[in-house]
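As structure tokens, the structure follows; a few thoughts come after it.
The values are calculated or read from the model by the stated rules, or taken from the named source; none is laboratory data. Here the structure is a predicted model, which means the values were calculated and not measured. With ideal geometry, Cβ positions are generated from the backbone for all residues, glycine too; neighbour counts draw on all protein chains shown.
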Amino acid sequence: MTRKYKISVLPGDGIGREVIPEAVTVMRTATSSTSGLEIEIHEFECGGEYFLKNEREWSEEAEAFTKNEADAILLGGIGAKDAEGKIVRLPDGNMAGYSVVIGLRQILDLYANIRPVKLYERVPTPLAEKGPKDIDMVIVRENTEGLYIPARGRITGREEGDLAVDLRVITASGAERISRYAFNLAMERGGAPSDGKRRVTCVDKSNLLAGCKLFRESFNKIGESFPDVVKDYAYVDAWTLLAIQKPEYFDVVVAPNEFGDIISDLGGALQGGLGISPSGNIGDQHAMFEPVHGSAPDIAGKNVANPLAAILSVAMMFEWLGTKHNDKSPITAAIKIRLAVEKALGTSNIRTADLCVGEWSKVKPSTTKEVASEVTKGIAE
Ligand code: ATP
């Protein structure tokens, strides 16, 4: 039986408006070349540029559809600048587009931020002695608690600017569910590149912070139900060192929100940069997929942004839909997209400027559209 999936597409600001339309073309091509799969795309404007024109971050229709009807969400980048070059902000000081990108994570309870770190063949990594066989891990970041919950402020009654507080909240239930996600993910993967062992590394600062102690206790409790997965630990500062020295040791890495945020940018660097780093924000019912990069105003409007992060985010989306609905067709589409990306990188020199470094520094950079067309061609073949 063919199932139709409704997708909310939110390109957002800056390069989101360039890479998401290309990712949508790839999505349509993968769908039409896969039997038993149908999609219905609903595209809406949102973010800072929309706010400048409409004094809302998105339309009521966009908000209602995305929250209540969409089977999955694809988001570009959020963050615009006004005519004076200042970031467009809401009256409360948050960046315009905040309720889309951060709000959806909270409202739809997208508690797992998943960032695969995989080095593709013929992509430059800054690690001189490492290659694709060494770099293949997934960072699982808790996405709804930690330091980023909106419990913060300046203390009034003191000299202005003297004292600010950010409250960090960790709950046992939150730490347990993200740990469970990480262990389940390890069971689906083939283990760490170095030794093939299924391993989940808990990255925290439990030698110092109470929240991290609770996070680690919760990790250990959940880990007891996964005897086939090695429980592993690293303090966050040490992890950054180890990830550079021996990335091949890591399989699945789980961390509280703010630590996960920081270490996954390091992961992005290992796999060739933000232009090729996809992500998913996943809950039990809903999920939103987005490139790790933001709106990158410095390169917006030039047709130079790498569309692969957005395209690989579509592959993650199809994989999630297929797993959630026990439907093989979206999984087939995901595999086709990944193979087409591998083929485009592996057999052509068509690559955007961010990947024209090192061995490829003499290659003439391709445009956003040229790279996406190469991927689309690979799916259709
Ligand atoms: P934020 O993440 O807070 O939205 P931002 O929008 O300023 O920040 P990013 O979009 O994360 O920044 O990008 C940081 C830099 O990385 C950009 O200045 C750009 O040079 C580069 N970059 C990001 N995405 C891409 C891409 N898809 N292709 C090529 N370069 C990129």
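Quick one: count up the residues across the stretch 261-298 that are of a type in the set (Gly, Ala, Ser) and more than 15 Å from the ligand (Cβ to nearest atom). Break it down stepwise before answering.
Residues of the stretch 261-298 of a type in the set (Gly, Ala, Ser): 264, 267-269, 272-273, 275, 277, 279-280, 283, 287, 294-296.
Within this subset, residues satisfying the condition of being more than 15 Å from the ligand (Cβ to nearest atom) are 280, 283, 287.
Residues meeting the conditions: 3.
Evaluation of Pro278 against the conditions (1) crowded, with 22+ Cβ neighbours inside 10 Å; (2) of a type outside the set (D, E, K, R); (3) touching a Gly at 6+ places or on another chain (Cβ under 8 Å) shows that the sole unmet condition is (3).
Taking each residue of the stretch 301-314 that is more than 14 Å from Gly268 (Cα to Cα) and looking for partners that are small (Gly, Ala, Ser) with beta-carbon atoms closer than 6 Å, six or more apart or interchain, yields Val304/Ala353; Pro307/Ala372; Ile311/Ala23; Val314/Ala23. What about Ile331, is it β-branched (Val, Ile, Thr), in a helix (DSSP H, G or I) and surrounded by fewer than 22 Cβ atoms within 10 Å (Cβ to Cβ)? For Ile331, the condition - β-branched (Val, Ile, Thr), in a helix (DSSP H, G or I) and surrounded by fewer than 22 Cβ atoms within 10 Å (Cβ to Cβ) - is met. Pairing residues of the stretch 266-279 that are on the phi > 0 side of the Ramachandran plot with residues that are among the hydrophobic types (A, V, I, L, M, F, W, C) and away from the ligand (no atom under 12 Å from the Cβ), at Cβ distances under 6 Å and at least 6 apart in sequence or on separate chains, gives Gly272/Val123.
Taken over the stretch 38-67, the residue count meeting the criterion of being surrounded by fewer than 20 Cβ atoms within 10 Å (Cβ to Cβ) and touching a residue at least 40 places away in the same chain (Cβ under 8 Å) is 3.
If you go through the stretch 1-33 and pick out every residue that is within 16 Å of the ligand (Cβ to nearest atom) and surrounded by 21 or more Cβ atoms within 10 Å (Cβ to Cβ), you end up with 14.
Say whether the condition of being polar (S, T, N, Q) and at pLDDT 95 or above is met by at least one residue in the stretch 335-351. No, the stretch 335-351 has no match at all. Here Ser218 clears all of (1) out of contact with any strand residue (DSSP E or B) (no Cβ under 8 Å at 6 or more places or on another chain); (2) surrounded by fewer than 17 Cβ atoms within 10 Å (Cβ to Cβ); (3) farther than 26 Å from Leu119 by Cβ except the condition numbered (2). Leu74 meets the stated requirement of being of a type outside the set (Ser, Thr, Tyr), within 27 Å of Tyr148 (Cα to Cα) and modelled with pLDDT of 95 or more. Does Gly322 qualify as being free of Cβ contacts under 8 Å to residues at least 60 places away in the same chain and either part of a helix (DSSP H, G or I) or under 26 Å from Lys6 (Cβ atoms) (or both)? Considered against the rule, which asks whether it is free of Cβ contacts under 8 Å to residues at least 60 places away in the same chain and either part of a helix (DSSP H, G or I) or under 26 Å from Lys6 (Cβ atoms) (or both), Gly322 comes out as yes. The lone criterion from (1) out of contact with any Gly (no Cβ under 8 Å at 6 or more places or on another chain); (2) at pLDDT below 95 left unmet by Ile311 is number (2).
Every residue, every condition in (1) part of a helix (DSSP H, G or I); (2) more than 16 Å from Met137 (Cβ to Cβ), yes or no:
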position	(1), (2)
Phe183	yes, no
Leu208	no, yes
Phe219	yes, yes
Ile244	yes, no
Glu248	yes, no
Val253	no, no
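Within the stretch 339-365, the set of residues being among the basic types (Lys, Arg) and surrounded by 20 or more Cβ atoms within 10 Å (Cβ to Cβ) comprises just one member, Arg351. When the stretch 299-312 is filtered for residues that are in a loop (DSSP other than H, G, I, E, B), more than 6 Å from the ligand (Cβ to nearest atom) and crowded, with 24+ Cβ neighbours inside 10 Å, only Pro307 remains.
Confirm whether Glu258 is modelled with pLDDT of 95 or more, within 30 Å of Asp237 (Cα to Cα), within 16 Å of the ligand (Cβ to nearest atom) and in the same structural domain as Ser194 (by TED's automatic domain parsing). Considered against the rule, which asks whether it is modelled with pLDDT of 95 or more, within 30 Å of Asp237 (Cα to Cα), within 16 Å of the ligand (Cβ to nearest atom) and in the same structural domain as Ser194 (by TED's automatic domain parsing), Glu258 comes out as yes.
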